[in-house]
Amino acid sequence: MRHHFWNSVASSSMLKERFGRNQIAIADIGCSSGQLLRSIAERNANAQLVGFDVEQPFLEIGKERAKKAGLQIDFQLVGYGGEGLAGEFDVVI
């Protein structure tokens, strides 16, 4: 459900209308391998996307898939208590 909802909401026109600009910052907390972020990146070339997760192997898979697709997504490891979460974002998923 989460993925379907954000796929429908995260169109570039909707985000531009909501925020009044093309470039927005989106964080995905618990991104796993970044499937949702890749989907958003395909629709929003100017978005700054950061995925956070506690599992390094999933982040590595996400990095590899994003690179292969030519997408700019930053993947960051965080602790179970949220250690390492940093940044300012327009949208947090």
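Calculate what fraction, in whole %, of the accessible area of the stretch 32-93 sits on carbon and sulfur atoms when a 1.4 Å probe is rolled over the protein chains. Each step should come with its number before you reach the end.
Details: 1760 of 3690 Å².
Carbon and sulfur together cover 48 percent of it.
Tell me whether the stretch 11-81 comes out rounded, prolate or oblate; compute the Cα gyration tensor, take square roots of the eigenvalues as a ≥ b ≥ c, and use a/c under 1.5 as the rounded threshold. Oblate, since a/c reaches 1.5 and b/c is not below a/b.
The values are calculated or read from the model by the stated rules, or taken from the named source; none is laboratory data. These figures come from a predicted structure and were not determined experimentally. Accessible surface areas use protein heavy atoms only, side chains included; no ligands, DNA or RNA. Shrake-Rupley method; radii C 1.70, N 1.55, O 1.52, S 1.80 Å.
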